[in-house]
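One structure is given here, and the rest of the page talks about it.
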Amino acid sequence: MTAIPKVIEYGSLDENGDTWFLRGPQRFVLLDIPFSFEMSLQHKEVSASGRMGVPDSAPGITKLIVDKLVSHEAIARRAYAIFQSGAPGTAQDHWLRAERELLGM
């Protein structure tokens, strides 16, 4: 059996009353978030890691089953710390490294 790969999605975190979702620049992704999280993240830019699947909470609907959710503010702070450490790379390299670190990937 092939393991479902982990993915990273990003966008503005919102909900419509019963479903959380990310509204990204080119995608709209439904989320299943099986843990408590900081509600202040609503309407903020975030990155989420997890696996696409059909959660028990919504049979028949494919969603990103979220493992971790991180604000872009936190990623920016970590990316800046990476830059300050003298690590080689571009700003984008630092951002992607920070995002992967904070999402545990």
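Exactly one of (1) in contact (Cβ under 8 Å) with a residue 40 or more places away in the chain; (2) of a type in the set (A, V, I, L, M, F, W, C); (3) assigned to a loop (DSSP other than H, G, I, E, B) is unmet by residue 22. Its number?
All conditions pass for residue 22, except number (3).
Working only within the stretch 58-99, note down all residues that are under 12 Å from the mean Cα position of the chain (by Cα) and in a strand (DSSP E or B).
64, 65, 66, 67, 68, 69, 70, 71
Of the numbered conditions (1) surrounded by 17 or more Cβ atoms within 10 Å (Cβ to Cβ); (2) out of contact with any Gly (no Cβ under 8 Å at 6 or more places or on another chain); (3) over 24 Å from residue 97 (Cα atoms), residue 63 satisfies every one except a single condition; which is it?
Status for residue 63: all satisfied but (2).
Taking only pairs six or more apart or across chains, which ones have beta-carbon atoms under 7 Å, a first residue in the stretch 66-85 that is over 16 Å from residue 9 (Cβ atoms), and a second residue that is among the aromatic types (Phe, Trp, Tyr)?
79/95
Filter the stretch 25-57 down to the residues that are within 18 Å of residue 100 (Cα to Cα) and either of a type in the set (Asp, Glu) or not in a strand (DSSP E or B) (or both) and list them by number.
45
If I filter the stretch 13-57 down to residues being among the polar types (S, T, N, Q) and surrounded by fewer than 16 Cβ atoms within 10 Å (Cβ to Cβ), which single residue comes out as nearest to the chain's Cα centre (by Cα)?
42
Step by step: first the residues of the stretch 1-26, then only those that are in contact with a strand residue (DSSP E or B) (Cβ under 8 Å, 6 or more places away or on another chain) and among the small types (Gly, Ala, Ser), then the one that is modelled with the lowest pLDDT. Which residue is that?
Per the criteria, the residue is 24.
Applying the selection to the stretch 8-19, what residues are on the phi > 0 side of the Ramachandran plot and outside any strand (DSSP E or B)?
Passing the criteria: only 17.
The values are calculated or read from the model by the stated rules, or taken from the named source; none is laboratory data. Predicted model only: the values in this text are computed from it and were never measured. Quick reminder, even Gly has a Cβ in these numbers, built from the backbone with ideal geometry, and neighbours come from all protein chains shown.
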